[in-house]
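So the structure is just underneath, and the comments pick up after that.
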Amino acid sequence: MGEQWKLDPDRYFDPEPSQRRVARELYDSVARLPIVSPHGHVAPQLFADADAVFGSPADLFIIPDHYVFRMLYSQGISLDDLGVPRAGVGQGSIDSDYDAEERGRQIWQVFADNFYLFRGTPSGAWLQHELIEVFGVHEKLDGDTAQAIYDHIEARLAEPGFRPRQLFESFNIEVLCTTDAASDSLEHHRAIQNSGWSGKVLPTFRPDAVVNLETVGWRGHLDALARAVGYEIGSYERLVQALEERRAFFKQMGAHATDHAALTAYTANLTAPEAEAIFARALRGEASAEDARRFTGHMLMEMARMSIEDGLVMQLHVGSFRNHNTTLFAAYGADKGADIPIAAEFTRNLHALLNAYGNDPRLTLILFNLDEDTYARELAPLAGHYPAIKIGPPWWFHDSVNGMRRYFDRVMETAGIYNTAGFNDDTRAFPSIPARHDVWRRAAANWVAGLIVRGLVDRQDGNDMVYALAYGLAKQAYRLDEA
Amino acid sequence: MGEQWKLDPDRYFDPEPSQRRVARELYDSVARLPIVSPHGHVAPQLFADADAVFGSPADLFIIPDHYVFRMLYSQGISLDDLGVPRAGVGQGSIDSDYDAEERGRQIWQVFADNFYLFRGTPSGAWLQHELIEVFGVHEKLDGDTAQAIYDHIEARLAEPGFRPRQLFESFNIEVLCTTDAASDSLEHHRAIQNSGWSGKVLPTFRPDAVVNLETVGWRGHLDALARAVGYEIGSYERLVQALEERRAFFKQMGAHATDHAALTAYTANLTAPEAEAIFARALRGEASAEDARRFTGHMLMEMARMSIEDGLVMQLHVGSFRNHNTTLFAAYGADKGADIPIAAEFTRNLHALLNAYGNDPRLTLILFNLDEDTYARELAPLAGHYPAIKIGPPWWFHDSVNGMRRYFDRVMETAGIYNTAGFNDDTRAFPSIPARHDVWRRAAANWVAGLIVRGLVDRQDGNDMVYALAYGLAKQAYRLDEA
Amino acid sequence: MGEQWKLDPDRYFDPEPSQRRVARELYDSVARLPIVSPHGHVAPQLFADADAVFGSPADLFIIPDHYVFRMLYSQGISLDDLGVPRAGVGQGSIDSDYDAEERGRQIWQVFADNFYLFRGTPSGAWLQHELIEVFGVHEKLDGDTAQAIYDHIEARLAEPGFRPRQLFESFNIEVLCTTDAASDSLEHHRAIQNSGWSGKVLPTFRPDAVVNLETVGWRGHLDALARAVGYEIGSYERLVQALEERRAFFKQMGAHATDHAALTAYTANLTAPEAEAIFARALRGEASAEDARRFTGHMLMEMARMSIEDGLVMQLHVGSFRNHNTTLFAAYGADKGADIPIAAEFTRNLHALLNAYGNDPRLTLILFNLDEDTYARELAPLAGHYPAIKIGPPWWFHDSVNGMRRYFDRVMETAGIYNTAGFNDDTRAFPSIPARHDVWRRAAANWVAGLIVRGLVDRQDGNDMVYALAYGLAKQAYRLDEA
């Protein structure tokens, strides 16, 4: 076991002493600012009940986190051995507490035996931060220390201070936005609001499941939306009406934003008859892939129009080929680490939307992307011109020390920092939130320090920039500084 | 206002002391070399009249510079508030000197209030260099200092030393190449030559407006070309004849190069009947987009052929989707900051041209590009093989400290520096020329210093490389060292 | 001539002292490990005869090395002046030893006069390493020193210690894999095995010439394969049989891997009748480009299937547009420096293959690529999920200090180092092997040192990582640690 496991207080900073010194000073000026988390996938029910608890260490760190189990899977470890439930099965096959405990420990042992795989990865950095900073682990995780560390975490999780609401507060989260289906009742958000707890947890409107005609189970999602609005959605016109009503409901429930995912950024208006015809084919189960593509491209235009009308910030995530591994998808379902990026294109694809709405300062369209080649080539030139566009932070596989460095390097010269949206953690792993924001704040401080020691900006400007990157820009972009 | 505003003498150099020291020494060895500016968009009339003056500070720094106003526009500031004239209107709406003065001061105030947007951008760096080094401003520009700085610049511009010809000389410009339409009379170039002034200002032949059938107002440009040659251009054959004659005229007037812009690098020969048929359709206003694409691809082949015959260096700029913002284009016209890059491809697109002419050392084809992904993948491998190809410097959005670093990083290992064309400033903002060359010389010195301290080249080689990058390569590539 | 020509002992390391110190320590820990060379193009006959010798310095350094002569050609030097033989001619035009000596010296002089072109290039770094470390040259190569250095190298090559087998041993090569046609008799490998020499030289099965229907001379290659198996290959079924038999023969002769090159990574199964129909068209000389594309995509699937069955590791190299310069190809043949990369795509192209075989841990598919944009976007996410995939080292134009830095930067965060395949030198220039592995080991040490001084991994993990990168991963990925 040897020496104590700890985090380097100067981690992620350039080793050159003059830059490191400035980076540390800049970081110190923002390290303890509240966390603004305007986009992510934490389950709101965690906060609906004051007494909610997390499960076992395996439930918390491994089973739900596709960042973690995808790496283990890539080395030949089966998802079954990691406790990932089979589609339609759930974890119900474990029939006693003792078995569950045994099972959690076995999963944890596999994880610890293979923890070396995460060397130099962002998952490795976040996990280390969580274990050391959040849970107070001070032995390096490996096969030998696995069970002792499991004991330690299990004990912590039983303490009152490790309940979700208490961690929310000790993490100093100012606001946490969840992501919710268009048909969602937002019952957990309502419960939070009614509970008297001061934590600010806001919903985000995500209509993908009804807007993307190729969604597995689309009809079921549409029916859920119909139930939510209380009338049948038998036409495109009714769909638009339903979406407008649900947006109003989400807004009333505190939402500041909508979220949209698409394979590409393609946008183009359909005529009303075209839209009705495609929707009718979809209802009959006859929509083609081309229908779906055109309908999604049209609905993105509609969403921009609605955003101008209701003021909800529009987020667009493009470029993920979902469920690439069809065998795994059949066995385990979605979000199993098998979403793989494809090349992206914005200049031509967003032409229709931007020509319709891009000059309107009432629209804020935040673009997320998995193809870094578009940073300097398309996103920064677009954001450095159109009033409506902001560039979202480095997303998913690029939410990392190197990914951030490349993002600052390629985006900022042309877009300027004020056309970006600060940071998102985009996580479903609640305890990783401080780790993720810490990486961003350190990476931002180090980047600005690099500008200062290279004479590109002066210290005064640098101070302002780091504050904006760490805190201000996210609030502005998501209009969280308003009302 | 606190401490004096000044430039860091070691700006853009790596902070690590050993590299910084070498970088500074290398930079010092080339910092005062004459400026060779082989490609740009400065108006030749500035130098035609010995008494020409620049306008107001707003006229000089803001109104004509789409790099500057695009950033302000992206944050919701209207182009009207920045003095950008509406298409077909001009600035004639200002009806007195007093109004013009007021208007200029208002524009300047908006600019200064928002100067923080340029933090960390190349425009910010150039503007700071111009203000401090060229105009002697020593207070940091912001909303508070705006009017005093306006006064200061206005006073400088009234001095004889701030006339265009005097700045040309104090900038130590050895040669400045302009960019001129195929139909241009080159009257300003003739006036310069006849004036007895020693400044070397050379024309460049740019036939895009007649060669690209989709140019807005193509027929008018063709008619202008017809007037220039003195005969009707009713056939493709006549067009070729006219272009050959105009090239000869440009060459006689001192031109060393031609310049061509295209959406893609597509090249392919048409047969003569095909070319005639497309041209005939164009004359009837019936050319299709595909006609235009094929005609442009064919004319690039023709231009390479003519370059082999007349020795003019051929420049090709590809990848800009012009006037992406159609609303803005309708209101304000072209060059308003709404040109957005697209992905580029050279390996297949240049196959026809390179197979016809790429092995001919009489051809120099300088390639410019907005898609950095092609640097290491296509441009460097092509330039490291074909005798005809040279790679132009980082263009437009990549003309920056980071853009240059990425260019050196990705181009030089495979192409070697001797297959590159040195630096272009490519600017229409005359007072920014020294700033832009200074960035390049510093970035080049820092890159070579990095090679030296990493043991990749020795100091003697490094000295030669920096001289070549700062001065020699541009002269060689554009054959400015000949005759 | 001045000071002695020598290599910087800290070359390629970051100049920042703390990182440099760690990099040097890590490098020292792996610098003398045996060389594992699992993929390359060294001719096995070099080792078949204990008395084999290299030719003249020009024969060794220039004439066969397209990395070297492409750069000289790009500056207008003819391939004839570099001794590159015309297609179908050979070097037989030289009719006496005296002429050969004269000719070698002339070629060397041209090379030395232009050696400055290689400043800052990987070829320059390798050549310098070979001259100084392998041949003991201590004067810098240029036009003045050319002939003295030629004398020196010629004398060395005449010494027993400079024969291929002796260099193999002094280079400390543990295993060297060659690349051999499917029809190859492997007579040289047999001769090596029968000679009693301890050097391990293994064949690799490369069936491209018969699998890619567009190969120039495809029919001749198919006939050679038929002769090798002893029956006519008149059907697709027979082709599959022949390939399976040849794989078994290669495996019995020590092969651990197969190698496949394709313009794209396209994969898709044909039905047996489709495959037969295309093959029949190919036999009649009537296969279309689309036939060839589909057949290649199908055969990649077949090769993966066979790999699962016979355990040979599968290598796939994609993205090179071969023989781009048709004039040069007609005059001099293939491999003349005119292969130019194109953009690559893996996510969709490999979908069929990965869905069929990607979850099978018996398959190891090592992917090589010339389009760095796919590193972070596609390759790392694929390798970080599918058990079958490993990412090969930076290939060809990216086998360089910068290319490696970009590879570590973009691949490792998402894939982790354990989903990569260590290093390949991929060279036909035998004396460059130590230089190439040295660059990799230094670059790897410097990268890991950067992780350590930035607090991303601790020193203990760093030590393990450098060992894996320098030695262990290559052995594991190619299963050279087995049997």
- Query: Can B:Ala228 be described as small (Gly, Ala, Ser) and touching a Lys or Arg at 6+ places or on another chain (Cβ under 7 Å)?
  - Reply: yes
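From the list A:Val137, A:Val110, pick out the single residue that is over 26 Å from the mean Cα position of the chain (by Cα), part of a loop (DSSP other than H, G, I, E, B) and either crowded, with 19+ Cβ neighbours inside 10 Å or not small (Gly, Ala, Ser) (or both).
Only one candidate qualifies: A:Val137.
Working carefully through the options C:Asp95, C:Asp99, find the one that is at pLDDT below 95, farther than 25 Å from C:Asp339 by Cβ and in a loop (DSSP other than H, G, I, E, B). Before the answer, list the steps.
Details: C:Asp99 fails: in a loop (DSSP other than H, G, I, E, B).
None of the others qualify; the one that does is C:Asp95.
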- Might you let me know whether the stretch A:269-289 holds any residue that is away from every other protein chain (no Cβ under 14 Å), within 20 Å of the chain's Cα centre (by Cα), surrounded by fewer than 22 Cβ atoms within 10 Å (Cβ to Cβ) and touching a residue at least 24 places away in the same chain (Cβ under 8 Å)? no
- Item | Answer from C:Ala477, C:Ala421 - the residue that is in contact with a strand residue (DSSP E or B) (Cβ under 7 Å, 6 or more places away or on another chain) and within 13 Å of chain A (Cβ to nearest Cβ) | C:Ala477
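Yes/no matrix, rows are residues, columns are (1) out of contact with any helix residue (DSSP H, G or I) (no Cβ under 8 Å at 6 or more places or on another chain); (2) surrounded by fewer than 19 Cβ atoms within 10 Å (Cβ to Cβ); (3) assigned by TED's automatic domain parsing to the domain that holds B:Arg86:
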{"site": "B:Asp310", "(1), (2), (3)": "no, yes, no"}
{"site": "B:Thr326", "(1), (2), (3)": "no, yes, no"}
{"site": "B:Ala334", "(1), (2), (3)": "yes, yes, no"}
{"site": "B:Gly358", "(1), (2), (3)": "yes, no, no"}
- Query: Out of curiosity, is B:Gln128 polar (S, T, N, Q) and either in contact with a Pro (Cβ under 9 Å, 6 or more places away or on another chain) or within 20 Å of B:Arg428 (Cα to Cα) (or both)?
  - Reply: yes
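Looking at the stretch A:179-234, what helices (runs of 4 or more DSSP H) fall wholly within it and have at least 2 residues that are under 13 Å from A:Arg247 (Cβ atoms)?
By residue number, A:208-211, A:218-229.
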- Task: Just give me the residues in the stretch A:450-483 being under 20 Å from A:Asn419 (Cα atoms) and among the hydrophobic types (A, V, I, L, M, F, W, C), in sequence order.
- Result: A:Leu451, A:Leu456, A:Val457, A:Met465, A:Val466, A:Ala468, A:Leu469, A:Ala470, A:Leu473, A:Ala474, A:Ala477, A:Leu480
- Message: I need the full set of residues from the stretch B:204-243 which are among the hydroxyl-bearing types (Ser, Thr, Tyr) and under 25 Å from the mean Cα position of the chain (by Cα), in order please.
- Response: B:Thr204, B:Thr215
- Task: Test A:Tyr73 against the criterion of being farther than 26 Å from A:Arg442 by Cα, within 14 Å of another protein chain (Cβ to nearest Cβ) and either buried (at least 21 other Cβ atoms within 10 Å of the Cβ) or at pLDDT 95 or above (or both), and give yes or no.
- Result: yes
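Residue-by-condition table, conditions (1) in contact with a Phe, Trp or Tyr (Cβ under 7 Å, 6 or more places away or on another chain); (2) over 18 Å from B:Asn369 (Cα atoms); (3) not assigned by TED's automatic domain parsing to the domain that holds B:Asp371:
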site: B:Val401; (1), (2), (3): yes, no, no
site: B:Arg406; (1), (2), (3): no, no, no
site: B:Asn419; (1), (2), (3): no, no, no
site: B:Asn424; (1), (2), (3): no, no, no
site: B:Pro434; (1), (2), (3): yes, yes, no
site: B:Asp438; (1), (2), (3): no, yes, no
site: B:Arg442; (1), (2), (3): yes, yes, no
site: B:Gly450; (1), (2), (3): no, yes, no
site: B:Ala470; (1), (2), (3): no, yes, no
- Item | Tally of residues being within 14 Å of chain B (Cβ to nearest Cβ), more than 21 Å from the chain's Cα centre (by Cα) and among the aliphatic types (A, V, I, L, M) across the stretch A:323-379 | 7
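Here is a yes/no grid of residues against (1) surrounded by 20 or more Cβ atoms within 10 Å (Cβ to Cβ); (2) in the same structural domain as B:Ala330 (by TED's automatic domain parsing); (3) not polar (S, T, N, Q):
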residue: B:Leu131; (1), (2), (3): yes, no, yes
residue: B:Asp142; (1), (2), (3): no, no, yes
residue: B:Glu154; (1), (2), (3): no, no, yes
residue: B:Leu157; (1), (2), (3): no, no, yes
residue: B:Asn172; (1), (2), (3): no, yes, no
residue: B:Glu232; (1), (2), (3): no, yes, yes
- Query: Does A:Asn424 qualify as being of a type in the set (S, T, N, Q) and surrounded by 24 or more Cβ atoms within 10 Å (Cβ to Cβ)?
  - Reply: yes
- Query: Restricting attention to the stretch C:1-13, and to residues there that are without any contact (Cβ under 8 Å) to a residue 24 or more places away in the chain and within 24 Å of C:Phe171 (Cα to Cα), which single residue is farthest from the other protein chains (Cβ to nearest Cβ)?
  - Reply: C:Pro9
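Can you pull out every residue in the stretch C:14-67 that is within 14 Å of chain B (Cβ to nearest Cβ) and part of a loop (DSSP other than H, G, I, E, B)?
Residues satisfying the conditions are C:Asp14, C:Pro15, C:Glu16, C:Asp65.
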- When you scan the stretch A:339-381, how many residues do you find that are closer than 21 Å to A:Trp395 by Cβ, in a loop (DSSP other than H, G, I, E, B) and polar (S, T, N, Q)? 3
- Item | Selection within the stretch C:382-402 - touching a residue at least 40 places away in the same chain (Cβ under 8 Å) and either in a helix (DSSP H, G or I) or within 10 Å of chain B (Cβ to nearest Cβ) (or both) | C:Trp396, C:Phe397, C:Asp399, C:Ser400, C:Val401
- Message: Any residue in the stretch C:107-119 that is assigned by TED's automatic domain parsing to the domain that holds C:Gly76 sitting within a Cβ distance under 6 Å of a residue that is among the β-branched types (Val, Ile, Thr)? List the pairs, counting only those 6 or more apart or interchain.
- Response: C:Ile107/C:Ile62; C:Phe111/C:Ile62; C:Arg119/B:Val457
- State which residue pairs qualify: first residue under 12 Å from C:His189 (Cβ atoms) and not assigned by TED's automatic domain parsing to the domain that holds C:Thr427 and inside the stretch C:43-54, second residue part of a loop (DSSP other than H, G, I, E, B) and of a type in the set (S, T, N, Q) in any location, beta carbons under 6 Å apart, and separation of 6 or more residues or different chains. C:Pro44/C:Thr178
- Item | Options C:Ala23, C:Ala58; residue that is modelled with pLDDT of 95 or more, in contact with a Phe, Trp or Tyr (Cβ under 7 Å, 6 or more places away or on another chain) and either among the charged types (D, E, K, R) or not assigned by TED's automatic domain parsing to the domain that holds C:Ile153 (or both) | C:Ala23
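The values are calculated or read from the model by the stated rules, or taken from the named source; none is laboratory data. Source: prediction; values computed, not measured. Glycine also receives a Cβ, built like all others from the backbone with ideal geometry; neighbour counts cover every protein chain displayed.
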